[in-house]
Amino acid sequence: MSFEDLEDAIKDAVKKLLNLEGKVKIVSHNDCDGVCAAAVMLKALKKEDRIFSLKFVTVLSDESLKEVSECDEPIIFITDLGSSNIESINNYLKNKQVFILDHHQISNIEELSNITHINPFLFGLDGKDVSGSGITYLFTKYLNKENIENAYIAVTGAIADVQERNGFNGLNQIILQDSLDKIE
């Protein structure tokens, strides 16, 4: 497995989103990386003229998932969290199309038809080499190439997650280069 496999999965997820209609709910972690992930996603959705709402959570508790299950948005993006809550997400959000864009450890890799899960660990990559906002950025980059302008937000999220100790590695390096290319 490799970056190319991750890239293919992201492209497939983008195609899936483009075939869906309706409002979008973004549920994101309330730390700096999660805020950056939400910012990247909402800027991209705005560019696509999608109607969306945003909710920040500390954890995906049963209470927060129940609340999300009752929302009228049929499409849910969970950014910078969710990979350790697949069963609960499936239990509460069976009637929603869910996209999980995360970089944390995975508790369950079961494939579910209503959940599209993008996480570097699924592709043999290290979740410490890309942040939640980085995974979200890569998704939005394939949604619309103009979203490269938001690479700097993902770089900020990676720095906030202390992923830039002696320079960036892996996917963060690619995102940083996108940001630098946009400046030039």
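The values are calculated or read from the model by the stated rules, or taken from the named source; none is laboratory data. Nothing here was measured: the structure is a model prediction, and the numbers come from that model. Neighbour counts run over all protein chains shown; Cβ positions are idealised from the backbone, glycine included. Each accessible area value is taken on the protein alone, full model and side chains, heavy atoms only, with ligands, DNA and RNA left out. Shrake-Rupley method; radii C 1.70, N 1.55, O 1.52, S 1.80 Å.
Counting Lys and Arg as +1 and Asp and Glu as -1, what is the net charge of the other residues whose Cβ lies under 10 Å from the Cβ of Asp72? Could you put the intermediate results ahead of the total?
Numbers: positive: Lys23, Lys25; negative: Glu70, Glu73.
Spelling it out: positives minus negatives among the neighbours equals 0.
Just add up the charged neighbours of Thr140: K/R +1, D/E -1, any other residue whose Cβ is under 13 Å from the Cβ of Thr140. Don't skip to the answer; put the middle values down first.
Details: positive: Lys11, Lys43, Lys46, Lys47, Arg50, Lys141, Lys145; negative: Glu48, Glu146, Glu149, Asp178.
Neighbourhood net charge equals +3.
Just to confirm the number: angle between the C-alpha axis of helix 3-18 and the first principal axis of the chain, 0 to 90 degrees, nearest 10?
Rounded to the nearest ten degrees, it is 50.
Using the alpha-carbon atoms, what tilt in degrees (0 to 90, nearest 10) does helix 132-143 show relative to the longest principal axis of the chain?
90 degrees
Mind ordering 12-18, 34-40, 131-137 by average Cβ neighbours within 10 Å, highest first?
On the way: 12-18: 14.6, 34-40: 27.4, 131-137: 32.6.
Averaged packing, sorted descending, gives the order 131-137, 34-40, 12-18.
On full extension of the chain, what length is gained from Leu180 through Glu146, given 0.36 nm per residue of separation minus the C-alpha to C-alpha distance?
Values: separation 34, 0.36 × 34 = 12.24 nm, distance 1.45 nm.
Result: 10.8 nm gained on full extension.
Just to verify a number: what accessible area does Asp181 come out at with the full protein assembly present, 1.4 Å probe, Å² rounded to tens?
80 Å²
Could you give log10 I(q)/I(0) at q = 0.10, 0.14, 0.23 Å⁻¹ for the stretch 1-130, computed by the Debye formula over C-alpha point scatterers of equal weight, without solvent?
The Cα Debye sum returns log10 ratios of -0.28, -0.57, -1.69.
Enumerate by residue number the GluC sites (Glu not before Pro) in the stretch 53-123 meeting two conditions: DSSP loop (anything except H, G, I, E, B), and at most 12 other Cβ atoms within 10 Å of the site's Cβ. All intermediate terms of the calculation are to be shown ahead of the outcome.
On the way: sites: Glu63, Glu67, Glu70, Glu87, Glu110, Glu111; in loops: Glu70, Glu110, Glu111.
Answer in residue order: Glu70, Glu110, Glu111.
Taking the Cα atoms of the stretch 57-184 alone, what are Rg (to one decimal) and Dmax (as a whole number) in Å?
So, for the stretch 57-184, Rg and Dmax equal 15.2, 47 Å respectively.
Cα centroid distance between the stretch 143-183 and the stretch 6-39, in Å?
17 Å
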